[in-house]
Amino acid sequence: MKLGLNIVLAGLILIFSQAAFIARAEAHEARPIYIELTQTGQFTTVYWSTPPTLAQRLAPRISLTGCNLIKVVDGAASSANFLSYKCASVSGRVLNLDFPSYNPSLSTVIKLRKDGKNQFVTLVPGVSQWVVPENTTGGQIIKDYFRIGIQHILRGADHLLFLAGLMFIARTPARILTTVTGFTLAHSLTIFLTAFNIIQAPIFATEIIIALSIVFLASEIARNNRQTLTWRRPIFAASIFGLFHGIGFASALGEIGLPQTDRIFALVFFNLGVEAGQILVGVALFSAARLFLVCFDQKRSDTMKPHLQTGLAYMLGIVSSAWFFERLLSAA
């Protein structure tokens with residue numbers, strides 16, 4: 001049973017690796033329009049940027065109804081723009097995205113900074129208006145950051161491939177549970193330490209190490225030496241590399257920002273969102289393996305095992321090595 005489960009996991013991770021590589025390659029093409037509204041007293045600034053892949057002639061015209069426009073900065077050369085308005089309150093005002101010809105199927109991420117709090121909203125493609133809500137409640141902050149945590153882990157192909165590689169090495173439910181727990185505790189620690197500036201690490205170096213962590217797992221799977229520490233106690237590799245993955249999570253959170261109030265709540269629920277997304281992927285992989293296991297007999301499993309394990313190791317190695325060199329060249 002364990003052998004067959006391991007084989008099915010290998011097949012699923014192979015498919016997942018290819019999907020992750022394609023998703024990573026297309027990530028720049030799918031970047032959203034970013035809009036940031038900041039209210040300070042009677043003044044509201046609107047900053048927005050469009051992805052480089054969107055031609056300027058197709059870029060939307062952004063406006064805020066119900067406020068007096070006092071300043072415009074046209075950043076056509078840099079795909080970034082800035083507006084300044086004067087109004088008593090931005091709440092209840094309507095943010096408009098007017099596309100000159102058609103909506104190019106891009107989502108829009110809106111960050112609202114008001115009363116010392118940050119709120120995030122994602123508009124799906126086709127939506128061109130958003131009504132600014134009233135004061136953000138603690139419950140809304142919890143909801144927003146929990147959702148952001150889930151979205152981040154589900155879009156983090158490198159984190160998910162590392163997790164999938166750990167699951168393959170751990171194999172049994174009990175070992176998977178302890179291994180994932182070690183990974184969770186480690187990255188939770190560095191998320192908190194980094195978010196509160198207790199530790200600082202260059203993000204380019206961290207991203208390189210994250211890619212190398214997957215290369216390391218690929219090497220372990222390819223060598224298939226069950227006597228190494230990683231195979232005998234995968235929780236150690238999960239915990240050590242989990243510290244660096246946590247810095248990567250915190251870096252993404254740093255780009256978004258934490259509210260000046262309720263910082264602890266926002267951070268805790270961002271982390272819980274990451275864990276929820278992680279559990280979803282883990283359960284999906286393991287459940288699919290159990291489901292498809294019915295189709296395998298022991299003889300076929302014995303024949304396929306070395307080929308699938310080798311294929312898994314090479315796929316993980318190729319994808320993570322590509323990320324390693326991409327990040328290394330970007331840092332140079």
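Just a few scattered comments:
- Yes/no for residue 268 being under 28 Å from residue 185 (Cβ atoms), β-branched (Val, Ile, Thr), surrounded by fewer than 21 Cβ atoms within 10 Å (Cβ to Cβ) and modelled with pLDDT of 90 or more: yes
- Residue within the range 163-177 that is in contact with a helix residue (DSSP H, G or I) (Cβ under 6 Å, 6 or more places away or on another chain), surrounded by 20 or more Cβ atoms within 10 Å (Cβ to Cβ) and closer than 12 Å to residue 246 by Cβ present: no
- Out of 190, 194, 230, sole residue that is in contact (Cβ under 8 Å) with a residue 60 or more places away in the chain, more than 24 Å from the chain's Cα centre (by Cα), part of a helix (DSSP H, G or I) and surrounded by 20 or more Cβ atoms within 10 Å (Cβ to Cβ): 230
- Taking every residue in the range 309-332 that is of a type in the set (Asp, Glu) and pairing it with any residue that is assigned to a helix (DSSP H, G or I), at least 6 positions away or on another chain, the pairs with Cβ-Cβ distances below 9 Å are 326/24; 326/211.
- From the options 297, 262, residue that is surrounded by 18 or more Cβ atoms within 10 Å (Cβ to Cβ), modelled with pLDDT under 75 and in the same structural domain as residue 160 (by TED's automatic domain parsing): 262
- Residue that is nearest to residue 317 (Cα to Cα), among those in the range 164-187 that are at pLDDT 90 or above and under 17 Å from the mean Cα position of the chain (by Cα): 183
- Set 218, 238, 211: member being touching a residue at least 12 places away in the same chain (Cβ under 8 Å), among the small types (Gly, Ala, Ser), in a helix (DSSP H, G or I) and out of contact with any Phe, Trp or Tyr (no Cβ under 6 Å at 6 or more places or on another chain): 218
- Among the candidates 160, 185, 154, the residue that is more than 23 Å from residue 33 (Cα to Cα) and either surrounded by 16 or more Cβ atoms within 10 Å (Cβ to Cβ) or not assigned by TED's automatic domain parsing to the domain that holds residue 317 (or both) is uniquely 160.
The values are calculated or read from the model by the stated rules, or taken from the named source; none is laboratory data. Values in this document were obtained by computation on a predicted structure and should not be read as measured data. Positions of Cβ are backbone-derived with ideal geometry, glycine not excepted, and every protein chain shown enters the neighbour counts.
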